[in-house]
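J.: Would you mind keeping the following structure in view while I ask a few things?
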Amino acid sequence: MLIIGHRGARGYAPENTLRSFKKAVGLGAQGVELDVHLSKDKKLIVIHDNDVSRTTRGKGLVSQITLEEIKKIDAGSGERIPTLEEVIDLLAGKNILLNIELKGLGTVVPAVKLIEQKRITNQVVISSFLYNKLRIAKNLNPKIKTGILIRKLPRRLADFLKLAKTHHADGFHIRHNFLKKKYLAAAHQNNLYIWAWTVNSSREIKKFKSWGVDGLITNYPDRAL
Ligand code: G3P
Ligand code: MG
């Protein structure tokens with residue numbers, strides 16, 4: 001079971017910062033998950049919300065701030081908000097999976113371009129709640145793995161499996177409290193992988209491991225390992 005650090009090691013460091021990604025790797029995570037939005041000057045920025053105010057000392061929408069201004073914002077513990085390129089440069093060539101969650105408008109084409117330019121196609125999984133982004137990414141580069149993010153499972157198993165087919169995805173990233181054994185088995189029968197997020201308690205980590213889940217996204221990679 002792959003252990004993926006959520007927004008780096010969110011339990012230990014300011015989320016989605018270089019410090020957080022380094023921490024996750026230091027704790028032994030086999031991958032990191034991160035969220036991407038576009039700045040005013042169309043740079044790929046690693047931040048969860050579309051607004052900087054919850055996670056930093058700054059204010060305003062990411063889409064209304066230039067990269068130069070973003071770099072002046074204090075993201076905690078001496079950190080700055082990183083660009084996707086900075087995170088890739090930190091981890092490229094290492095044995096660490098990058099789960100790039102595309103959140104913001106206009107992120108898919110530049111993200112795929114950057115992944116190709118940095119030659120990390122095999123090191124990346126793109127995920128999104130916005131499934132058209134997954135289709136576009138796969139269409140641009142079929143070698144890039146993609147995962148369907150799910151908050152709530154479709155009631156019918158057939159509808160669940162159809163999602164992967166419709167959007168040409170390789171697997172699912174499912175909110176842990178909705179995951180059912182039946183869905184896991186059906187996914188595996190159809191050659192689709194399942195990751196669960198965000199799993200933080202030791203009890204739940206053990207449970208999903210015993211079920212044979214393929215990956216866990218967690219704020220505490222050390223607990224899972
Ligand atoms: O990718 C798993 C998880 O990060 C999805 O939800 O809101 O934490 O980005 P969120
Ligand atoms: Mg995310």
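The values are calculated or read from the model by the stated rules, or taken from the named source; none is laboratory data. In this text, all values refer to a predicted model and were calculated from it rather than measured experimentally. Every residue, glycine as well, gets a Cβ built from its backbone with ideal geometry; the counts of neighbours run over all protein chains shown. What goes into the accessible areas is simple: the full protein's heavy atoms, side chains included, and nothing from ligands, DNA or RNA. Shrake-Rupley method; radii C 1.70, N 1.55, O 1.52, S 1.80 Å.
J.: Would you mind telling me the share, in percent, of accessible area of the range 81-225 contributed by carbon and sulfur at probe 1.4 angstrom?
T.: Details: 3480 of 7160 Å².
Here carbon and sulfur together make up 49 percent of the probe-accessible area.
J.: On the full set of protein chains, 1.4 Å probe, figure out the accessible area of ARG80 and give it in Å² to the nearest 10.
T.: Here the residue's solvent-accessible area equals roughly 100 Å².
J.: Counting only heavy atoms of the protein chains, get the accessible area per residue of the range 11-51 (1.4 Å probe) and round it to a whole Å² value.
T.: 38
J.: What does the accessible area per residue of the range 53-159 come to in Å², with a 1.4 Å probe and no ligands, DNA or RNA counted?
T.: Values: 5660 Å² over 107 residues.
Here the per-residue accessible area is 53 Å².
J.: For the range 96-111, just list the computed ³J(HN,Hα) in residue order, Karplus coefficients 6.51, -1.76 and 1.60, θ = phi - 60°, integers in Hz, with x standing in for Gly and Pro.
T.: With the stated coefficients, the range 96-111 comes to 10, 7, 9, 9, 8, 8, 7, 10, x, 4, x, 8, 5, 5, x, 5 Hz.
J.: Oh, and also: If r is the Cβ-Cβ distance from ARG155 to LEU225 and R0 is 41 Å, what FRET efficiency results, to the nearest 0.05?
T.: Numbers: r = 35 Å, r/R0 = 0.84.
E between ARG155 and LEU225, to the nearest 0.05, is 0.75.
J.: Given 0.36 nm per residue, what is the gain on full extension from LYS94 to ARG57 after removing their alpha carbon distance, in nm?
T.: Working: separation 37, 0.36 × 37 = 13.32 nm, distance 3.16 nm.
Extra length available between LYS94 and ARG57 comes to 10.2 nm.
J.: Next up: Where does each of PHE172, PHE129 land when they are ordered by accessible area, with a 1.4 Å probe and the largest first? Could you put the intermediate results ahead of the total?
T.: Values: PHE172 0, PHE129 55 Å².
Descending order: PHE129, PHE172.
J.: A follow-up question, please. Please label the shape of the range 1-129 as rounded, prolate or oblate, based on the square roots a ≥ b ≥ c of the eigenvalues of the alpha-carbon gyration tensor (a/c under 1.5 means rounded; beyond that, a/b larger than b/c means prolate, else oblate). Could the numbers behind the result be given before it?
T.: Values: a/c = 1.83, a/b = 1.22, b/c = 1.50.
Oblate, since a/c reaches 1.5 and b/c is not below a/b.
J.: Going 7 Å from the Cα of ASP41 along its beta-carbon direction, which residues of the range 62-89 have the amide nitrogen within less than 12 Å of the resulting point?
T.: Label zone hits: 65-72.
J.: With N set to the residue count of the range 87-225, report its C-alpha Rg divided by 2.2 N^0.38 Å to two decimal places.
T.: Values: Rg = 15.0 Å, N = 139, 2.2 N^0.38 = 14.3 Å.
So the Cα radius of gyration is 1.05 times the expected 2.2 N^0.38 Å.
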